[in-house]
Amino acid sequence: MAVAQNTENVYQFELNSIEGKEVSLQDFEGSLLLIVNTASECGFTRQYSGLQKLHEKFNDKDFYVLGFPSNNFGGQEPGTDEEILEFCQVNFGVDFPLFSRSDVKGENSHPLFKYLTSADNPDFTGDIRWNFEKFLIDRQGNLVHRFRTNVEPDSEELLTAIENYL
């Protein structure tokens with residue numbers, strides 16, 4: 001589904017889960033979110049493990065990692081949704097919400113990522129450069145921090161940002 005005109009926050013978006021169910025991000029209203037574009041055949045794929053640990057560490061504080069597989073960078077997510085889900089569960093024990101593979105860059109970019117890459121935040125705006133970029137969303141649905149691929153899930157920078165909003 002598309003974005004409402006004059007988008008105010010991420011709660012305006014609806015997407016398909018990796019299992020094919022329609023999900024409104026409004027279902028996460030009041031939660032702290034870390035939205036991440038992911039890929040299964042990337043040098044950074046090991047970050048799934050750290051993302052799962054983050055999800056487990058803070059889930060009791062209403063924190064969720066949301067994974068968005070994308071094949072936009074080097075063809076590193078060629079699988080079907082079913083293959084991606086199995087890969088993530090078998091290799092990394094992922095149980096945080098994953099969404100259907102979608103574009104996160106370019107003309108066919110999902111409206112959520114068009115919003116996230118242009119929304120005001122204290123870090124930077126513009127296109128996603130690679131897999132595993134991270135967007136921290138506060139409990140009101142606003143983008144409050146953005147992190148490039150090289151910021152690991154267990155980095156002090158990311159952990160401090162998350163803890164500041166818990």
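Coordinate-derived values only; no laboratory data. Predicted, not measured: the structure shown is a model, and the values here were computed from it. Here Cβ is always computed from backbone atoms with ideal geometry, including for glycine, and neighbour counts include all displayed protein chains.
Does at least one position in the stretch 90-107 carry a residue that is acidic (Asp, Glu) and surrounded by 14 or more Cβ atoms within 10 Å (Cβ to Cβ)?
Our first condition is that a residue be acidic (Asp, Glu); within the stretch 90-107, this holds for 95, 103, 107.
Subset that is surrounded by 14 or more Cβ atoms within 10 Å (Cβ to Cβ): 103.
Among the residues of the stretch 90-107, at least one is acidic (Asp, Glu) and surrounded by 14 or more Cβ atoms within 10 Å (Cβ to Cβ), which makes the answer yes.
Being touching a strand residue (DSSP E or B) at 6+ places or on another chain (Cβ under 9 Å), over 20 Å from TRP130 (Cα atoms) and of a type in the set (D, E, K, R) is the filter here, so list the residues in the stretch 41-80 that pass it.
Across the stretch 41-80, the qualifying residues are LYS57, LYS61, ASP62.
Report, by residue number, each residue of the stretch 10-39 that is buried (at least 16 other Cβ atoms within 10 Å of the Cβ) and in a helix (DSSP H, G or I).
Residues satisfying the conditions are VAL10, TYR11, GLN12, LEU25, PHE28.
Restricting the first residue to the stretch 25-54 and requiring it to be within 19 Å of GLN12 (Cβ to Cβ), which pairs with a second residue that is β-branched (Val, Ile, Thr) and in a helix (DSSP H, G or I) meet a Cβ separation below 9 Å and a spacing of at least six or different chains?
Qualifying pairs under 9 Å: LEU25/VAL10; GLN26/VAL10; PHE28/VAL10; LEU32/ILE162; LEU33/VAL10; LEU34/ILE162; ILE35/VAL10.
Return yes when TYR11 is in contact with a Gly (Cβ under 6 Å, 6 or more places away or on another chain) and within 20 Å of LEU116 (Cβ to Cβ) and no when it is not. Steps first, please.
Numbers: in contact with a Gly (Cβ under 6 Å, 6 or more places away or on another chain): yes; within 20 Å of LEU116 (Cβ to Cβ): yes.
So TYR11 fits the description; yes.
So, in the stretch 124-166, of the ones that are of a type in the set (Asp, Glu) and free of Cβ contacts under 8 Å to residues at least 60 places away in the same chain, which residue ends up nearest to GLU29 (Cα to Cα)?
Keep residues of the stretch 124-166 that are of a type in the set (Asp, Glu), which gives 127, 133, 138, 152, 154, 156-157, 163.
Narrowing the set further to residues that are free of Cβ contacts under 8 Å to residues at least 60 places away in the same chain leaves 127, 156-157, 163.
Details: ASP127: 26, GLU156: 26, GLU157: 24, GLU163: 18 Å.
Looking at residues that are of a type in the set (Asp, Glu) and free of Cβ contacts under 8 Å to residues at least 60 places away in the same chain, I get GLU163.
Would you mention how many residues in the stretch 63-90 are touching a residue at least 60 places away in the same chain (Cβ under 8 Å) and either touching a helix residue (DSSP H, G or I) at 6+ places or on another chain (Cβ under 7 Å) or under 22 Å from LEU136 (Cβ atoms) (or both)?
2
Quickly run through the stretch 72-84 and pick out the residues that are surrounded by fewer than 19 Cβ atoms within 10 Å (Cβ to Cβ) and more than 15 Å from THR149 (Cβ to Cβ).
GLY75, PRO78, GLY79, THR80, ASP81, GLU82, GLU83
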